[in-house]
1. Pairs, please: C-beta under 7 Å, at least 6 apart or cross-chain, first residue over 11 Å from Met61 (Cβ atoms) and in region 15-40, second part of a strand (DSSP E or B) and not hydrophobic (A, V, I, L, M, F, W, C)?
2. For region 7-29, what are the residues that are closer than 16 Å to Leu98 by Cβ and outside any loop (DSSP other than H, G, I, E, B)?
3. Quick one: count up the residues across region 73-101 that are aromatic (Phe, Trp, Tyr) and over 14 Å from the mean Cα position of the chain (by Cα).
4. Within region 69-84, how many residues are crowded, with 17+ Cβ neighbours inside 10 Å and closer than 17 Å to Ile126 by Cβ?
5. Report whether or not Val102 is surrounded by fewer than 19 Cβ atoms within 10 Å (Cβ to Cβ) and under 19 Å from Gln13 (Cα atoms).
6. Counting only residues that are outside any strand (DSSP E or B), touching a residue at least 12 places away in the same chain (Cβ under 8 Å) and of a type outside the set (Asp, Glu), how many does region 76-95 have?
7. Can you pull out every residue in region 76-95 that is acidic (Asp, Glu) and within 16 Å of Ile19 (Cα to Cα)?
8. Pull up region 45-67, narrow it to residues that are closer than 17 Å to Gly32 by Cα and either of a type in the set (Gly, Ala, Ser) or over 13 Å from the mean Cα position of the chain (by Cα) (or both), then point me to the one that is surrounded by the most Cβ atoms within 10 Å (Cβ to Cβ).
Amino acid sequence: MTRPPTTLSLGQQLETKRIGPITQTDIVRFAGAGGDFNPLHHDHDYAVRAGLPGVISMGQMQAGMLAAWVADLVHVEHLLTYSVRFASPLSIGEILELGGTVEAIDSTTSTATLALHAKSGDRVVITGGAQVRIMLPQ
């Protein structure tokens with residue numbers, strides 16, 4: 001049985017979620033699940049030689065966290081499209097804040113366009129967007 005769509009309104013700020021601080025264990029678990037064993041994600045000295053302050057997480061890790069968050073908010077069966085753009089790396093010890101805004105509503109198709117982001121402090125780590133099915137306000 002499909003859950004009813006969520007009611008959203010134009011300009012609405014979506015409820016934020018904080019994740020972290022990010023640990024080496026978080027990164028290693030994601031590497032194991034996804035098979036990404038690039039040394040940038042587990043070898044501090046290698047990451048520093050590459051010009052980074054230390055180990056960074058995979059961009060797909062933050063993208064997955066953002067996707068899970070928006071899917072929980074709107075119910076996964078109403079998530080029609082999802083896209084991201086990687087803006088900056090996320091390091092061990094940082095806290096990720098997920099959020100977004102309702103950018104547009106199409107009353108003809110009962111859909112909303114969401115602008116999404118993942119930030120660490122004031123720094124944007126990922127920007128994204130989603131198209132979701134919604135319940136129009138009565």
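1. Matching pairs, first to second residue: Thr16/Glu97; Thr16/Gly99; Arg18/Glu97.
2. If the condition is that a residue be closer than 16 Å to Leu98 by Cβ and outside any loop (DSSP other than H, G, I, E, B), then Gln13, Lys17, Arg18, Ile19, Asp26 are the ones that fit.
3. Of the residues in region 73-101, 0 are aromatic (Phe, Trp, Tyr) and over 14 Å from the mean Cα position of the chain (by Cα).
4. Residues meeting the conditions: 6.
5. yes
6. The number of residues fulfilling the criteria is 8.
7. Glu94
8. The selected residue is Ser57.
Since every read-out is calculated from the coordinates, none of them should be taken as a lab result. As the structure is a prediction and not an experimental result, all values here were calculated from the model. All Cβ positions, glycine included, derive from the backbone under ideal geometry; neighbour counts span all protein chains shown.
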